[in-house]
Every structure is written in structure tokens, then in C-alpha cells.
């Protein structure tokens, strides 16, 4: 029999919720020290339920649960600050972040870095109009936190530092390589050193560097997500292409 786990007032965000039975919900939550957890919130859909108002995406929470096995039972929930409440395109961007976490993380795999980069970017989405930049930085840091980080320091085959005036290809298995060192391939994706420096240093202050970041990070994410597209990303493509 699995050991009983009891957790009290863990920092968390709801990533997704769906109805369960007559009046309950099934929740997927990202927590600060326990990673992603699945919880049953019993009676949370009843009219007048205090939990119903709190168990929404983008609301900082403190949650308590007991668990024996993969799915736990929510025993308490408290607000842990003001709702981040992004609006408009920012709301679409926030749902995209949630979908990425649901696709790229597994239940019970703790990572304080994942929680930190998610909560930090979520707060920024309510304060900035530069959504494309913040999402690209989120993707970059999320990959790093998951152990899939991009190596952007220089040519992986020669050890030569990254040079702004050079062009590079990125091999997902090996990292950056100067374009002239790679055999010509019709569909090879070439990136400017200047734009790669901007991504590495989290600058991304012009259209060229944003487009390079979108191409490279999109390719890296696809290698881990597979062929099934991120639904919210399809909606965001037009926003990102205009560098908002």
C-alpha cells in the first residue's frame, strides 16, 4: 500500500480544472516544491463554495492535501496574494504557458526552478506590453529548468566563442555550429550570431532577434512536444509574428 502523504499550505497555481462527478473538480496544480500534482477538490462546484472562487488559473494559492497514490484530495485552499489576472493577449499568453507546463512536466517531479520561472513570467504578463519577449525568455528558462537547456555560448565543435558577425546552425543533439562548418542542406535553419547573443543575454529588443528566438525555441520545444500542436500557440502565432 502506498504511503500516505500530507502537505500543508504549499504555494501553488491551478493549471487546469475540469468537472468531476456532481459537484467536484479534478485539478492539475503546479506547486513550489512538489512539482505538478493532481488533486480532487470535493464539493468545489457547489453554489456558494469558497473554493469555487479561488480554484482558478493565475491565482497564487496555498493548498493543502492528503494523498495515497497518484491523485490527492484537497483539504484546504487559501489565497497567497493578488490574482495575476492578465487580460487580452496577455491572457492568451498565460494559457499558453499553462499548456506548455501540462505537456512538458510529469506529476510528482519537483522543480523549484519551473515554479519560479512560471510565477515570474506570469507576474510580468500583467505589467508589460512586450509579450513576445517575455514568452521567449519563459520558454528558454523553462527548457533550462527541465534539463533541456540550449547551449548558446559558442561553436560546440570548435569551442570558439559566439561571434555576432557569424552565422550558425543549431543541432539539438550537439548545440551551435558555424554555418560554414556544416554540409549544405536545403532546409537547414541558419541563425545570426547577433540574434543568438540577444537570446542568450535575454535582451530580445528588436524584431530580428525575436524572430530568431521564436524559430529556435519553437524547434527545440517541438522536439520534446512531438507533432501534436499546442492549441493556444496557434492562437498566439499572429501576435508573436508582429512582435507584440
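General observations
- Calculated FRET value between residue 128 and residue 4, using beta carbons and R₀ = 25 Å, to 0.05: 0.05
- Each of 224, 16 was scored by other Cβ atoms within 10 Å of its Cβ. Listed from fewest to most, they are 224, 16.
- Computed over the chain, the per-residue total of -39500 (n - 2.57) for DSSP H runs of n ≥ 4 gives a 222 nm mean residue ellipticity of -11500 deg cm²/dmol, rounded to 500.
- Its alpha carbons give the chain an Rg and a Dmax of 20.3, 66 Å.
- The alpha-carbon atoms of the range 61-108 define a convex hull whose volume equals 87 cubic angstrom per residue.
- Against the chain, whose longest principal axis comes from its Cα atoms, helix 131-145 is set at around 80 degrees.
- Efficiency of FRET between residue 109 and residue 202 - r from beta-carbon atoms, R0 41 angstrom, step 0.05: 0.95
- Between residue 223 and residue 116, the contour length at 0.36 nm per residue exceeds the Cα-Cα span by 36.2 nm.
- The range 2-46: Rg to Rh, with Rh as the Kirkwood radius over Cα pairs: 1.00
- Between helix 112-125 and the chain: long-axis angle, C-alpha atoms, 0 to 90°, nearest 10: 80 degrees
- Among beta bridges that DSSP assigns inside the range 5-79, antiparallel share in %, nearest 5: 90 percent
- Each listed q (0.23 Å⁻¹) maps to a log10 I(q)/I(0) for the range 105-153, found by the Debye formula over equal Cα scatterers with no solvent: -0.86.
- Tail beyond 15 Å, pair distance distribution of the range 5-79 (Cα, percent): 46 percent
Each value in this text was obtained by applying a stated rule to the coordinates, not by laboratory testing. As the structure is a computational prediction, the values presented were derived from the model and not from experiment. Cβ coordinates were reconstructed from backbone atoms using ideal geometry, including for glycine residues, and neighbour counts include every protein chain displayed.
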